[in-house]
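J.: Below is a structure I'd like to ask you about.
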Amino acid sequence: SAALVTHSLSRDYDPAAGNQEISRLVAGSRVLHGCWAILPPSSREIPEPDAFLRAMLAKDVGAAIAYPHPHNFSLSGWSVGPLLSALENYRIPLVVPFGQADWEEIERLCGEHTSLPVIVTGLNYRQLRFLLPLWEKYHNLFVDLSWFSIHDGLAYLAERGLLRQVLLGTNYPLYEPG
């Protein structure tokens, strides 16, 4: 077992500084892997896509995470397309916290980058009607369980053959794991 971890600096202040800090904190761990925040390469706040991916691999980073709202960018191809393609080439997952992208953006991401694992975190049961048709269409779309509270929800997903697209996630310390 292993865990992806990110730093609040990446979300709340400076993604590049947060990326470096989480790598420092998990260095040498066999079970903790950093999750680096992305930005548009044109801003030059992070290296160009190939160099960014090489740095991720060198630091044993397990995924990328997108915070487009607090950092004022788009997940569209004209903004981060080359970076998303680089992540896709290496099959490095992209984590998208719920609310950072709408369902149209999620659908476009999954459709334009079919080999890019897209993990939407923090969904609740009210999103299931959006999620189900996308899950049936895109096998590269995953969700975590951090906020997925639905009565017999896992049994329901098992009946539909969708458990392979569900990941354990806690979003700790934002949410308590109990």
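J.: Quick one: would you say Asp60 is among the charged types (D, E, K, R) and surrounded by 15 or more Cβ atoms within 10 Å (Cβ to Cβ)?
T.: On the way: among the charged types (D, E, K, R): yes; surrounded by 15 or more Cβ atoms within 10 Å (Cβ to Cβ): yes.
The answer is yes for Asp60.
J.: Can you report the number of residues in segment 139-156 which are modelled with pLDDT of 90 or more and open to solvent by 20 Å² or more (accessible area, probe 1.4 Å)?
T.: The number of residues fulfilling the criteria is 2.
J.: Take segment 78-87 and flag every residue that is surrounded by fewer than 21 Cβ atoms within 10 Å (Cβ to Cβ) and without any contact (Cβ under 8 Å) to a residue 40 or more places away in the chain. Break it down into steps so the answer makes sense when it comes.
T.: Residues of segment 78-87 that are surrounded by fewer than 21 Cβ atoms within 10 Å (Cβ to Cβ), as a first pass: 78-79, 81-82, 85.
Those that are surrounded by fewer than 21 Cβ atoms within 10 Å (Cβ to Cβ) and without any contact (Cβ under 8 Å) to a residue 40 or more places away in the chain: Trp78, Ser79, Gly81, Ser85.
J.: Residues being at negative phi, surrounded by fewer than 20 Cβ atoms within 10 Å (Cβ to Cβ) and touching a residue at least 12 places away in the same chain (Cβ under 8 Å): count how many of those fall in segment 94-106.
T.: Adding up the residues that qualify gives 3.
J.: To continue, here is another question. Within segment 3-72, which helices (runs of 4 or more DSSP H) (wholly inside it) include 1 or more residues that are touching a residue at least 12 places away in the same chain (Cβ under 8 Å), of a type in the set (S, T, N, Q) and more than 15 Å from Ala86 (Cα to Cα)? It would help to see each step written out before you state the result.
T.: Working: elements: 8-12, 15-26, 49-58.
Answer list for segment 3-72: 8-12, 15-26.
J.: Return the only residue of Leu75, Leu109, Leu123 being surrounded by 17 or more Cβ atoms within 10 Å (Cβ to Cβ) and either charged (D, E, K, R) or in a helix (DSSP H, G or I) (or both).
T.: Details: Leu75 fails: either charged (D, E, K, R) or in a helix (DSSP H, G or I) (or both); Leu123 fails: either charged (D, E, K, R) or in a helix (DSSP H, G or I) (or both).
Answer to the selection: Leu109.
J.: Report, ordered by the first and then the second residue, all pairs with beta carbons closer than 8 Å, sequence separation of six or more or different chains, a first member in segment 155-169 that is polar (S, T, N, Q), and a second member that is buried (at least 17 other Cβ atoms within 10 Å of the Cβ) and not in a helix (DSSP H, G or I).
T.: Listed by first residue and then by second, the contacts come to Gln165/Leu141; Gln165/Phe142; Gln165/Val143.
J.: Ok, one more. So Gly34 passes all but one of these: (1) open to solvent by 80 Å² or more (accessible area, probe 1.4 Å); (2) touching a Ser or Thr at 6+ places or on another chain (Cβ under 6 Å). Which condition number does it fail?
T.: Every condition holds for Gly34 apart from (1).
J.: In this structure, is Pro15 open to solvent by 60 Å² or more (accessible area, probe 1.4 Å) and more than 21 Å from Leu167 (Cβ to Cβ)?
T.: Numbers: open to solvent by 60 Å² or more (accessible area, probe 1.4 Å): no; more than 21 Å from Leu167 (Cβ to Cβ): yes.
Against the criterion (open to solvent by 60 Å² or more (accessible area, probe 1.4 Å) and more than 21 Å from Leu167 (Cβ to Cβ)), Pro15 does not qualify.
J.: Can you tell me which residue in segment 88-106 is nearest to the chain's Cα centre (by Cα), limited to those that are closer than 23 Å to Arg54 by Cα and part of a loop (DSSP other than H, G, I, E, B)?
T.: First pass over segment 88-106, keeping only residues closer than 23 Å to Arg54 by Cα: 88-96.
With the extra rule that they be part of a loop (DSSP other than H, G, I, E, B), the set shrinks to 91-93.
Working: Arg91: 12, Ile92: 9, Pro93: 6 Å.
Looking at residues that are closer than 23 Å to Arg54 by Cα and part of a loop (DSSP other than H, G, I, E, B), I get Pro93.
The values are calculated or read from the model by the stated rules, or taken from the named source; none is laboratory data. For clarity, every value in this text was computed on a predicted model and none was experimentally measured. Every residue, glycine among them, receives a Cβ derived from its backbone with ideal geometry; neighbour counts consider all protein chains shown. In case anyone asks, the SASA skips ligands and DNA or RNA and just uses the protein heavy atoms, side chains included. Shrake-Rupley method; radii C 1.70, N 1.55, O 1.52, S 1.80 Å.
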